[in-house]
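Participant: Have a look at the structure that comes next, please.
The values are calculated or read from the model by the stated rules, or taken from the named source; none is laboratory data. A quick note: this is a predicted structure, and the numbers were derived from the prediction, not measured. Using ideal geometry, Cβ is built from the backbone for each residue, glycine included, and neighbour counts are taken over all protein chains shown. For accessibility, only protein heavy atoms count, side chains too; no ligands or nucleic acids. Shrake-Rupley method; radii C 1.70, N 1.55, O 1.52, S 1.80 Å.
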Amino acid sequence: MQSLFVPTGLVALAEIGDKTQLLALLLAARFRRPWPIIWGILVATVANHFAAGAIGKWVASFFSEATLSWILAACFLAVAAWTLIPDHIDEDEEASHFKRYGPFLTTTIAFFIAEMGDKTQIATVMLAAQYPHFWLVVIGTTLGMLIANVPVVLAGHFSADKLPLTLIHRIAALCFLALAGYAAWNAATLSGWLG
């Protein structure tokens, strides 16, 4: 069940204050139709995180378990640092897309593109490489995205500025740091460095 619960919690924490959460807020304010936006988030996230998880599994097949653990430790450490950098979204750039499509298609396209190279997508790649149950990782990271974004969409007027974002980002960074430590410990054990 770690393959489900760890990704869910990590992505939910990492997503708070992330650019895709800000995008969800912007979409909710523009369209004022929450359900097509929520369905768009779901479809985009499943597609994006399925691809990211598949890449994680594929990349993991090229390395020994010890080497993969060292790579994961370095990547989790990088994502921990990245989590501390606040995201922002350019409303003028995003607004040009709102005029052409309805809320579902706009959300699906915008979320899929916004997730490309985002820390939650990178985390999905790493988590799929680390945990044995691919589908549970994809479901978990998708649930994490929904846990963070659905309340924002439903509230519509909800402001991320009211949350203690610095504290939340620090907690998420500590979680990624703990995963980095665990991966490094696992790598050292597999390499025979720790009896």
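Participant: Looking at region 60-74, which of its residues are within 16 Å of residue 134 (Cβ to Cβ) and either among the aliphatic types (A, V, I, L, M) or in a helix (DSSP H, G or I) (or both)?
Facilitator: If the condition is that a residue be within 16 Å of residue 134 (Cβ to Cβ) and either among the aliphatic types (A, V, I, L, M) or in a helix (DSSP H, G or I) (or both), then 60, 68, 72 are the ones that fit.
Participant: Of everything in region 60-81, what is crowded, with 17+ Cβ neighbours inside 10 Å and aromatic (Phe, Trp, Tyr)? Give them in sequence order.
Facilitator: Selection gives 70, 76.
Participant: Tell me, please, whether a residue that is of a type in the set (Phe, Trp, Tyr), out of contact with any helix residue (DSSP H, G or I) (no Cβ under 7 Å at 6 or more places or on another chain) and free of Cβ contacts under 8 Å to residues at least 60 places away in the same chain can be found in region 31-40.
Facilitator: Taking region 31-40 and keeping what is of a type in the set (Phe, Trp, Tyr), we get 31, 35, 39.
Among the residues that remain, those that are also out of contact with any helix residue (DSSP H, G or I) (no Cβ under 7 Å at 6 or more places or on another chain) are: 35.
Keeping just the survivors that are free of Cβ contacts under 8 Å to residues at least 60 places away in the same chain gives 35.
Looking through region 31-40, at least one residue is of a type in the set (Phe, Trp, Tyr), out of contact with any helix residue (DSSP H, G or I) (no Cβ under 7 Å at 6 or more places or on another chain) and free of Cβ contacts under 8 Å to residues at least 60 places away in the same chain.
Participant: Has region 183-191 got at least one residue that is touching a Pro at 6+ places or on another chain (Cβ under 6 Å), at pLDDT 90 or above and either assigned to a helix (DSSP H, G or I) or buried (at least 21 other Cβ atoms within 10 Å of the Cβ) (or both)? I'd like the intermediate steps shown before the answer.
Facilitator: Narrowing region 183-191 to residues touching a Pro at 6+ places or on another chain (Cβ under 6 Å): none.
Checked region 183-191: no residue is touching a Pro at 6+ places or on another chain (Cβ under 6 Å), at pLDDT 90 or above and either assigned to a helix (DSSP H, G or I) or buried (at least 21 other Cβ atoms within 10 Å of the Cβ) (or both).
Participant: For region 1-59, which residues satisfy the criterion of being open to solvent by less than 40 Å² (accessible area, probe 1.4 Å), part of a helix (DSSP H, G or I) and of a type in the set (D, E, K, R)?
Facilitator: Listed by number, the list holds a single entry, 15.
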